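Report on the structure given below.
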Amino acid sequence: MLILKNVEKVFNQGQATENIALHDLNLQVEKEEFITIIGSNGAGKSTLLNVIAGVYSVDSGVIHMNGEVTTTWPPHERARHIGRVFQDPLLGTAAEMTIEENLALARRRGQRRRLKIAINNDLRNQFRSSLSLLGLGLEERLEDPVSLLSGGQRQALTLLMATLGEPQVLLLDEHTASLDPQSAKDIIKLTRKIKKEQNLTILMVTHNMYQALELGDRTIMMDRGEIILDIEEPERSSFSVKDLQERFAQIRGEQLGDDVMLLT
């Protein structure tokens, strides 16, 4: 279980460019729950993932993971429990290293790193077995540099790497946004497959509202650092994209006042 209580994150505090990225945010994520997260640019979606992963420290509030307070844990300590895939396929892998070297590093996430990466035949066979599940033929290219892969292949590899260490939580930050339509479909299919096989807890940020309603079992909408809508099944099944848009407009109108609502 993942719990965030009264989490606050402010950038450039006290300056003219002050930005309240998360405001008194509360969120409880059950084990094996798959949550999609939507919201406009600057709503706090990526910041939410970053404070969970420990990339950003919080200004106030508490983060719990499986009963432990992880609020002050550095990113490398949380890496034992958290896998992550970014929007840019280039960020999740080391281009100059081979596919098998990338997998070996991912396998040791959160553990002490050695100067030399030891890869034996047993480990190679494990990698081939895992890669074969992607259906991309990468199991026959273990010694190829990752730089030779396409964006879709690289993102599929990154998704596999993020789950190799059996994390408790998988964070997906618009992980299909930079891909061509067919590659994006393939990655979504792979995401479903990994969720089904590994029963992971997943938080997925997306700008695609169709994805937000089709994937997972719960959708939250963020705006100005707050969660303004939280819908679960069976209610979520009756929602359309138009419903989400209308609900967003309604909530914003209530927050800002009817006069402002008329101007939007």
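Under the condition of being over 16 Å from the mean Cα position of the chain (by Cα) and part of a loop (DSSP other than H, G, I, E, B), the residues counted in segment 180-206 number 1. Here is the figure for segment 111-133: residues that are modelled with pLDDT under 90 and either among the basic types (K, R) or surrounded by 13 or more Cβ atoms within 10 Å (Cβ to Cβ) (or both) total 7. Can you find a residue that is in contact with a helix residue (DSSP H, G or I) (Cβ under 8 Å, 6 or more places away or on another chain), under 24 Å from M222 (Cα atoms), assigned to a loop (DSSP other than H, G, I, E, B) and not β-branched (V, I, T) anywhere in segment 65-85? No. For E143, the conditions (1) in a helix (DSSP H, G or I); (2) open to solvent by 40 Å² or more (accessible area, probe 1.4 Å); (3) at pLDDT 90 or above all hold with the exception of (1). For A212, the stated conditions hold: it is within 15 Å of the chain's Cα centre (by Cα), assigned to a helix (DSSP H, G or I) and in contact (Cβ under 8 Å) with a residue 60 or more places away in the chain. Summed over segment 148-168, the residues that are of a type in the set (A, V, I, L, M), part of a helix (DSSP H, G or I) and open to solvent by 10 Å² or more (accessible area, probe 1.4 Å) give a count of 4. Quick one: would you say V55 is open to solvent by 70 Å² or more (accessible area, probe 1.4 Å), under 30 Å from I251 (Cβ atoms) and hydrophobic (A, V, I, L, M, F, W, C)? Answer is yes for this residue. The set of residues in segment 227-257 that are within 18 Å of the chain's Cα centre (by Cα) and touching a residue at least 24 places away in the same chain (Cβ under 8 Å) contains only I227.
Checked against the criteria, I52 does not count as more than 20 Å from I3 (Cα to Cα) and at pLDDT 95 or above.
In segment 16-37, of all residues being of a type in the set (V, I, T) and open to solvent by 10 Å² or more (accessible area, probe 1.4 Å), the one that is modelled with the highest pLDDT corresponds to I20. For the residues S46, S57, the requirement of being at pLDDT 95 or above, in a loop (DSSP other than H, G, I, E, B) and at negative phi singles out S57.
Those residues that are on the phi > 0 side of the Ramachandran plot and modelled with pLDDT of 95 or more, I need them from segment 152-204; list them, please.
Residue satisfying the conditions is E174 alone.
Can you find even one residue in segment 233-240 that is of a type in the set (D, E), touching an Asp or Glu at 6+ places or on another chain (Cβ under 7 Å) and modelled with pLDDT under 95?
So in segment 233-240, the residues of a type in the set (D, E) come out as 233, 235.
If we keep only those that are touching an Asp or Glu at 6+ places or on another chain (Cβ under 7 Å) too, we end up with 233.
Narrowing further to those that are modelled with pLDDT under 95: 233.
Looking for residues that are of a type in the set (D, E), touching an Asp or Glu at 6+ places or on another chain (Cβ under 7 Å) and modelled with pLDDT under 95, one finds at least one in segment 233-240, hence yes.
Could you figure out which of (1) open to solvent by less than 70 Å² (accessible area, probe 1.4 Å); (2) at pLDDT 95 or above isn't true of K5? Going through the list (1) open to solvent by less than 70 Å² (accessible area, probe 1.4 Å); (2) at pLDDT 95 or above, K5 breaks only (1).
Are any of the residues in segment 83-96 within 21 Å of M1 (Cβ to Cβ) and surrounded by 21 or more Cβ atoms within 10 Å (Cβ to Cβ)?
yes
Note on segment 232-247: residues that are closer than 22 Å to E33 by Cβ and either open to solvent by 80 Å² or more (accessible area, probe 1.4 Å) or not in a helix (DSSP H, G or I) (or both) total 7. Of everything listed in (1) open to solvent by 10 Å² or more (accessible area, probe 1.4 Å); (2) among the aliphatic types (A, V, I, L, M); (3) in contact with a Phe, Trp or Tyr (Cβ under 8 Å, 6 or more places away or on another chain), the single unmet condition for A184 is (3).
The values are calculated or read from the model by the stated rules, or taken from the named source; none is laboratory data. In this text, all values refer to a predicted model and were calculated from it rather than measured experimentally. Note: ideal-geometry Cβ built from the backbone for every residue, glycine included; neighbour counts use all protein chains shown. The accessibility values were calculated without ligands, DNA or RNA, using every heavy atom of the protein model including side chains. Shrake-Rupley method; radii C 1.70, N 1.55, O 1.52, S 1.80 Å.
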